[in-house]
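Notes follow once the structure below has been shown.
Taken together, the values in this text are just the output of simple stated rules run on the coordinates, not laboratory data. Just so we're clear, the structure is a prediction, and the values are computed from it rather than from any experiment. Note that each Cβ is placed from the backbone with ideal geometry, even for glycine, and that neighbours are counted across all protein chains shown.
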Amino acid sequence: MNNRRTILSRTAGRARCLAAACLLAHAGAQAAGHFDVDDAGTLEPGQCQYEAWWGRTGAEPVNVVHLGPACRVGPFELGLNIDRLSVQGERTVAVGPQLKWNFYGTASDAPFAAALSVGAVFDATRGGRAGGQLVLPLTWRPSDRLQLHANLGADWATGSGARTPRGGAAAEWAIDEKLSLIAERSRASGFWTTRIGGRFSLTPLISIDVGLSRTGPGHVRGIVVGLNHAFAPK
């Protein structure tokens, strides 16, 4: 009986870890920092960046640590996502590559832009079972300070391969060169998430993100703090 309870406890813990990927950024297969709704932009030619963030959600709680380096190679932005999820002693590590292609509106000030983002994710903790993501990000810039983003796509869960739709919309308002406010509403893996946050630019290439979220019918609350750093490798 004790062994059975242990197995059930571990299974429940693993399920919570997988659910956490939906609550905080679906297994890291995103290029928008910790925000669920991605924009249609990519890095400049010859530029690289890394995104690092920590998130916490729920009463248990669930913790996620993310690291995502990326570089512009030709017309593509190539990245690698590494995520560590933990809850009540159970841990899951997910890794996977990502490719993003801005195929329309490539200029940084283009009024309308569209891109294609494709990513894979592997459950490195339990045999490398694969999942993935396909997203079409769209961006409209009605003014110099305001950007509106929309996403449409799908996720494939690790292990089962079950496909679920993904979509959402976001507004990004630049108050000045140092501060932008972001609000978004998105749906992934069957859960709706509302998130508000800010992006604080320490330098033109370094910024800090802070976001608060509410997910699902239970209004599970979460917080994320992230760092973004773009640079040109020598």
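Before rounding to the nearest 500, sum -39500 (n - 2.57) across all DSSP H runs of length at least 4 in the chain and divide by the residue total; then give [θ] at 222 nm in deg cm²/dmol.
-3500 deg cm²/dmol
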note = Packing-ranked peptide list from 102-112, 37-47, highest mean Cβ count within 10 angstrom first, is 37-47, 102-112
key: Structure-derived Cα extents along the principal axes in Å - corresponding label in (i) 42, 37, 35; (ii) 46, 41, 36; (iii) 64, 34, 32   = (iii)
message = Suppose each label sits 7 Å from its Cα in the direction of the beta carbon; what would the Trp140-His229 distance come out to in nanometres?
response = 3.7
ask   = In what sequence do His229, His34, His219, His66 fall when counting other Cβ within 10 Å, fewest first?
value = His219, His229, His66, His34
ask   = Simple spin-label model, 7 Å along Cα-to-Cβ: Ser201 to Ala59 in nm?
value = 4.2
key: Theoretical FRET efficiency, 1/(1+(r/R0)^6), r = Cβ-Cβ of Phe76 and Tyr50, R0 25 Å, to 0.05   = 0.90
Neighbour cut-off at most 12 other Cβ (10 Å), DSSP loop, trypsin sites (Lys or Arg not before Pro), segment 157-202 = Lys178
